[in-house]
């Protein structure tokens, strides 16, 4: 018989303790299995049971992954965890992003297959939105990410993890080479026609690939659409993007979009 009475709340907090949460997940799974047994082929319910179990495992393991107290002083220095804020009033220093990079490495060590970290938020000089001065913007935010990124790549390599980990760095667009004079003389507007992304790690050939025109306005040599980048990332993860498709709305839908996409062979080792 299932005991569905509410589990006791932890003293001093509103959350359930680990044992109570495990008991509730087990009780819910038992009810769902009884329901599923009467409805053969109801794959959605089986998927729901698995999603609850996955969520519990993530909640149970996250505290250890996020606890950086066991990291050495050398590692903390490498990721700049204890560095002060930068001199500019809008700078937060490298510590917040360094913490994200270190947690990313710890998640990868624990078998997490995909990790995304983000640097930005806000508007104008609060983030990489350089409409009000590109030089000032880069002087604020470049130092916030430079050391943490180098630390992550170094750390992955020395632990033997980089050869099995694909690191992708980039944004959604670049900046125009000419000044955005309607705002300031040294601001830069968005530029979707020419910008840089870099990849490191598993299956990526070292070196540069592609060129812009002479003023940096748009890609001119070895041009590729962003869907080609998506196809390349999938390829490096062992996935053929052409075989992941379904017909919907009159189009052959793929992860790279309905148009054709090509793996960028020039960057694949």
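The values are calculated or read from the model by the stated rules, or taken from the named source; none is laboratory data. In this text the structure is predicted, and so the values were computed from the model without any measurement. Positions of Cβ are backbone-derived with ideal geometry, glycine not excepted, and every protein chain shown enters the neighbour counts.
General remarks:
- Hey, residue 162 touching a helix residue (DSSP H, G or I) at 6+ places or on another chain (Cβ under 6 Å) and at pLDDT 95 or above or not: yes
- Single condition residue 240 does not satisfy, out of (1) exposed (fewer than 15 other Cβ atoms within 10 Å of the Cβ); (2) within 30 Å of residue 178 (Cβ to Cβ): (2)
- Of the strands (runs of 3 or more DSSP E) lying entirely inside region 168-269, those containing at least 1 residues that are within 30 Å of residue 131 (Cα to Cα) are 198-201, 219-221.
- Residues that are surrounded by fewer than 12 Cβ atoms within 10 Å (Cβ to Cβ) number at least 3 in the following helices (runs of 4 or more DSSP H) confined to region 28-147: 43-66.
- Screening 194, 160, 203 for residues that are in the same structural domain as residue 102 (by TED's automatic domain parsing), out of contact with any strand residue (DSSP E or B) (no Cβ under 7 Å at 6 or more places or on another chain) and either crowded, with 17+ Cβ neighbours inside 10 Å or within 24 Å of residue 113 (Cβ to Cβ) (or both) leaves exactly one candidate, 160.
- Residue 104 being on the phi > 0 side of the Ramachandran plot and modelled with pLDDT of 95 or more: no
- Filtered residues of region 206-221 (kept if under 24 Å from residue 238 (Cβ atoms) and surrounded by 13 or more Cβ atoms within 10 Å (Cβ to Cβ)): 209
- Figure legend. Inter-residue proximity from region 28-55: first residues free of Cβ contacts under 8 Å to residues at least 60 places away in the same chain, second residues surrounded by 13 or more Cβ atoms within 10 Å (Cβ to Cβ) and outside any helix (DSSP H, G or I), beta-carbon distance below 9 Å, spacing 6+ or different chains. Indicated pairs: 35/42; 36/42.
- Region 122-142, subset under 20 Å from the mean Cα position of the chain (by Cα) and within 22 Å of residue 84 (Cα to Cα), residue modelled with the lowest pLDDT: 122
- Exclusive hit being touching a residue at least 12 places away in the same chain (Cβ under 8 Å) and more than 21 Å from residue 166 (Cα to Cα), set 228, 222: 222
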